[in-house]
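Asks: Sending over a structure as structure tokens; questions will come in a sec.
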């Protein structure tokens, strides 16, 4: 949501060297809006993304990490924290 709000400002770019932290892999496809999280990250110029939990198949076939890497973004997956990230989303049937 922060990236959506920032994208409303014309020509907004993240500060140089910005890192985005997320519990969930940035989505590569978004059914509820026209622009995916991955596309917003790329448009903002963010060069490093750190996340814990891969996008569950329940939502979409996640390819956010791969799409970011292909665009030259450094992607750090902290898989050892995935269970903790899932714990706050136990209401989701994954």
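The values are calculated or read from the model by the stated rules, or taken from the named source; none is laboratory data. On a predicted model such as this, the values are computed, not experimentally measured, just so you know. In this analysis, Cβ positions are derived from the backbone assuming ideal geometry, glycine residues included, and neighbour counts consider all displayed protein chains.
Asks: Would you call residue 28 assigned to a loop (DSSP other than H, G, I, E, B), under 14 Å from the mean Cα position of the chain (by Cα) and modelled with pLDDT of 85 or more? Talk me through it step by step, then tell me what you get.
Replies: Working: assigned to a loop (DSSP other than H, G, I, E, B): yes; under 14 Å from the mean Cα position of the chain (by Cα): yes; modelled with pLDDT of 85 or more: yes.
For residue 28, the condition - assigned to a loop (DSSP other than H, G, I, E, B), under 14 Å from the mean Cα position of the chain (by Cα) and modelled with pLDDT of 85 or more - is met.
Asks: Consider only pairs whose beta carbons are under 8 Å apart and that are at least six residues apart or on different chains; among these, list those whose first residue lies in segment 12-23 and is on the phi > 0 side of the Ramachandran plot and without any contact (Cβ under 8 Å) to a residue 60 or more places away in the chain and whose second residue is assigned to a strand (DSSP E or B) and surrounded by 13 or more Cβ atoms within 10 Å (Cβ to Cβ).
Replies: Every condition considered, the pairs that remain are 17/48.
Asks: Picking from 44, 84, which residue would you name as being surrounded by 11 or more Cβ atoms within 10 Å (Cβ to Cβ) and touching a helix residue (DSSP H, G or I) at 6+ places or on another chain (Cβ under 9 Å)?
Replies: 44
Residue-wise test of (1) under 18 Å from residue 5 (Cβ atoms); (2) at pLDDT below 95; (3) touching a strand residue (DSSP E or B) at 6+ places or on another chain (Cβ under 7 Å).
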{"residue": "24", "(1), (2), (3)": "no, yes, yes"}
{"residue": "42", "(1), (2), (3)": "yes, yes, no"}
{"residue": "53", "(1), (2), (3)": "no, yes, yes"}
{"residue": "57", "(1), (2), (3)": "no, yes, no"}
{"residue": "63", "(1), (2), (3)": "no, yes, no"}
{"residue": "69", "(1), (2), (3)": "no, no, yes"}
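Asks: Could you please tell me which pairs satisfy a Cβ distance under 8 Å, a separation of 6+ or placement on different chains, a first residue in segment 48-67 that is at positive phi and surrounded by 15 or more Cβ atoms within 10 Å (Cβ to Cβ), and a second residue that is at pLDDT 75 or above and assigned to a helix (DSSP H, G or I)?
Replies: none
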